[in-house]
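Encoded as C-alpha coordinates, the structure appears first; notes follow it.
The values are calculated or read from the model by the stated rules, or taken from the named source; none is laboratory data. Values in this document were obtained by computation on a predicted structure and should not be read as measured data. Positions of Cβ are generated from backbone atoms using ideal geometry, with glycine treated the same way; all protein chains shown enter the neighbour counts. Just so you know, the surface numbers come from the protein's heavy atoms only, side chains and all, with ligands and any DNA or RNA stripped out. Shrake-Rupley method; radii C 1.70, N 1.55, O 1.52, S 1.80 Å.
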Amino acid sequence: MAFSGNFMCTSFKKELLEGVHNFTTGGNVFKLALYTSSATLNAATTAYSATNESAASAGTYTAGGSELSKVNPSSSGTTAFTDFGDLTFSSLTITARGALIYNDTNSDAAVVVLDFGSDKTSTNGDFVIQFPTADATNAIIRIA
(Lines give C-alpha, C1' and ligand atoms only; values in the text may rest on other atoms or scores of the structure.)
Protein backbone atom coordinates (compact mmCIF):
# COMPACT_ATOMS: atom_id res chain seq x y z
CA MET A 1 0.00 0.00 0.00
CA ALA A 2 1.55 3.26 -1.12
CA PHE A 3 -1.01 5.68 0.33
CA SER A 4 -0.49 6.55 3.99
CA GLY A 5 -2.95 9.34 4.80
CA ASN A 6 -4.09 12.76 3.64
CA PHE A 7 -1.43 15.41 3.14
CA MET A 8 -1.07 19.06 2.29
CA CYS A 9 2.02 18.82 0.08
CA THR A 10 5.15 20.46 1.50
CA SER A 11 5.97 22.08 -1.85
CA PHE A 12 2.47 23.64 -1.82
CA LYS A 13 3.14 25.24 1.57
CA LYS A 14 6.31 26.85 0.21
CA GLU A 15 4.57 27.93 -2.99
CA LEU A 16 1.87 29.69 -0.97
CA LEU A 17 4.57 31.97 0.42
CA GLU A 18 5.81 32.57 -3.13
CA GLY A 19 2.34 33.51 -4.41
CA VAL A 20 2.14 30.60 -6.86
CA HIS A 21 -1.48 29.57 -6.19
CA ASN A 22 -4.62 31.67 -6.73
CA PHE A 23 -7.78 30.02 -5.40
CA THR A 24 -10.15 32.91 -6.16
CA THR A 25 -12.84 32.76 -8.83
CA GLY A 26 -11.11 33.55 -12.11
CA GLY A 27 -7.77 32.48 -10.60
CA ASN A 28 -5.86 29.26 -11.31
CA VAL A 29 -7.44 26.03 -12.55
CA PHE A 30 -7.23 23.17 -10.07
CA LYS A 31 -7.85 19.54 -11.02
CA LEU A 32 -8.34 16.25 -9.23
CA ALA A 33 -6.74 13.06 -10.59
CA LEU A 34 -7.53 9.54 -9.34
CA TYR A 35 -4.84 6.95 -8.53
CA THR A 36 -4.50 3.22 -7.91
CA SER A 37 -3.11 1.67 -4.74
CA SER A 38 0.26 1.34 -6.55
CA ALA A 39 0.74 5.12 -6.62
CA THR A 40 3.23 6.69 -4.24
CA LEU A 41 1.66 9.97 -3.16
CA ASN A 42 2.58 11.69 0.10
CA ALA A 43 3.64 15.05 1.57
CA ALA A 44 6.75 15.00 -0.65
CA THR A 45 4.68 14.86 -3.86
CA THR A 46 5.49 17.97 -5.92
CA ALA A 47 3.46 17.64 -9.14
CA TYR A 48 0.83 15.69 -11.04
CA SER A 49 2.11 12.53 -12.70
CA ALA A 50 0.27 9.97 -14.82
CA THR A 51 2.24 7.14 -13.16
CA ASN A 52 -0.24 4.72 -11.56
CA GLU A 53 -3.17 7.00 -12.36
CA SER A 54 -6.45 5.09 -12.44
CA ALA A 55 -7.73 4.21 -15.90
CA ALA A 56 -11.44 4.07 -16.62
CA SER A 57 -12.77 1.28 -18.79
CA ALA A 58 -15.98 3.29 -19.28
CA GLY A 59 -17.28 6.72 -18.32
CA THR A 60 -16.20 10.34 -18.07
CA TYR A 61 -12.75 10.05 -16.46
CA THR A 62 -9.71 10.89 -18.60
CA ALA A 63 -6.02 11.11 -17.74
CA GLY A 64 -5.30 14.21 -15.71
CA GLY A 65 -8.68 14.10 -14.02
CA SER A 66 -11.23 16.90 -14.02
CA GLU A 67 -11.39 20.57 -13.13
CA LEU A 68 -12.62 21.42 -9.66
CA SER A 69 -15.15 24.12 -8.87
CA LYS A 70 -13.49 26.47 -6.36
CA VAL A 71 -14.94 27.98 -3.21
CA ASN A 72 -13.39 31.43 -2.70
CA PRO A 73 -10.94 31.58 0.23
CA SER A 74 -12.32 32.80 3.53
CA SER A 75 -11.35 32.92 7.19
CA SER A 76 -12.87 32.37 10.58
CA GLY A 77 -11.04 33.25 13.77
CA THR A 78 -7.37 32.55 13.07
CA THR A 79 -7.96 29.95 10.35
CA ALA A 80 -7.95 30.67 6.61
CA PHE A 81 -9.55 28.07 4.36
CA THR A 82 -10.75 27.16 0.91
CA ASP A 83 -12.60 24.22 -0.54
CA PHE A 84 -14.08 22.81 -3.74
CA GLY A 85 -17.50 21.76 -4.95
CA ASP A 86 -18.25 18.04 -5.09
CA LEU A 87 -16.99 16.34 -8.26
CA THR A 88 -18.93 13.62 -10.07
CA PHE A 89 -17.55 11.35 -12.78
CA SER A 90 -20.62 9.90 -14.54
CA SER A 91 -21.20 6.36 -15.83
CA LEU A 92 -17.73 5.41 -14.66
CA THR A 93 -16.10 2.00 -14.34
CA ILE A 94 -12.93 2.50 -12.30
CA THR A 95 -11.05 1.59 -9.12
CA ALA A 96 -9.20 4.29 -7.20
CA ARG A 97 -7.36 4.29 -3.88
CA GLY A 98 -6.79 8.04 -3.65
CA ALA A 99 -6.48 11.33 -5.46
CA LEU A 100 -4.24 14.33 -6.04
CA ILE A 101 -5.46 17.91 -6.23
CA TYR A 102 -3.06 19.93 -8.34
CA ASN A 103 -2.71 23.36 -9.95
CA ASP A 104 -3.20 22.82 -13.68
CA THR A 105 -2.35 26.48 -14.40
CA ASN A 106 1.07 26.44 -12.73
CA SER A 107 3.18 23.47 -13.81
CA ASP A 108 0.74 20.89 -12.40
CA ALA A 109 1.99 21.77 -8.90
CA ALA A 110 0.74 19.35 -6.23
CA VAL A 111 -1.60 20.75 -3.57
CA VAL A 112 -3.24 17.97 -1.54
CA VAL A 113 -3.04 14.17 -1.46
CA LEU A 114 -6.29 12.40 -0.56
CA ASP A 115 -6.21 8.83 0.77
CA PHE A 116 -9.60 7.10 0.44
CA GLY A 117 -8.56 4.51 3.07
CA SER A 118 -9.24 1.60 0.72
CA ASP A 119 -9.94 0.97 -2.94
CA LYS A 120 -13.18 2.60 -4.10
CA THR A 121 -14.86 1.09 -7.14
CA SER A 122 -17.57 2.20 -9.50
CA THR A 123 -19.10 -0.04 -12.16
CA ASN A 124 -20.94 2.01 -14.79
CA GLY A 125 -22.11 4.39 -12.09
CA ASP A 126 -21.36 7.78 -10.60
CA PHE A 127 -18.00 8.09 -8.83
CA VAL A 128 -18.42 11.06 -6.49
CA ILE A 129 -15.72 12.99 -4.66
CA GLN A 130 -17.61 14.69 -1.84
CA PHE A 131 -15.73 17.57 -0.25
CA PRO A 132 -16.35 18.60 3.36
CA THR A 133 -18.12 21.78 4.46
CA ALA A 134 -16.19 24.93 3.56
CA ASP A 135 -15.46 26.19 7.05
CA ALA A 136 -12.52 26.63 9.43
CA THR A 137 -13.01 23.17 10.95
CA ASN A 138 -13.72 21.03 7.90
CA ALA A 139 -12.54 22.59 4.62
CA ILE A 140 -10.13 20.49 2.58
CA ILE A 141 -7.45 23.24 2.76
CA ARG A 142 -7.08 24.96 6.13
CA ILE A 143 -4.24 27.08 7.47
CA ALA A 144 -4.40 27.77 11.16
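Summary of values
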| quantity | calculated |
| --- | --- |
| Cβ pairs under 7 Å, 6+ apart, first in the stretch 64-88 and under 15 Å from I129 (Cα atoms), second open to solvent by 70 Å² or more (accessible area, probe 1.4 Å) | K70/T25; F84/S69; G85/S69; D86/V128; D86/Q130; T88/D126; T88/V128 |
| Restricting the stretch 38-51 to residues that are β-branched (V, I, T) and modelled with pLDDT of 95 or more, the residue that is farthest from T137 (Cα to Cα) | T51 |
| Any strands (runs of 3 or more DSSP E) falling wholly within the stretch 52-114 and containing at least 1 residues that are at pLDDT 95 or above and open to solvent by 50 Å² or more (accessible area, probe 1.4 Å) | 70-76, 87-103 |
| Criterion (in contact (Cβ under 8 Å) with a residue 40 or more places away in the chain, within 14 Å of L114 (Cβ to Cβ), assigned to a loop (DSSP other than H, G, I, E, B) and open to solvent by less than 50 Å² (accessible area, probe 1.4 Å)) met by exactly one of F3, F12, F23 | F3 |
| Residues located in the stretch 115-144, provided they are within 22 Å of G26 (Cβ to Cβ) and assigned to a strand (DSSP E or B) | I141, I143 |
| Pair list, Cβ under 9 Å, 6 or more apart: the stretch 44-58 residue on the phi < 0 side of the Ramachandran plot and free of Cβ contacts under 8 Å to residues at least 24 places away in the same chain, other residue surrounded by 12 or more Cβ atoms within 10 Å (Cβ to Cβ) and aromatic (F, W, Y) | T51/Y35; E53/Y35 |
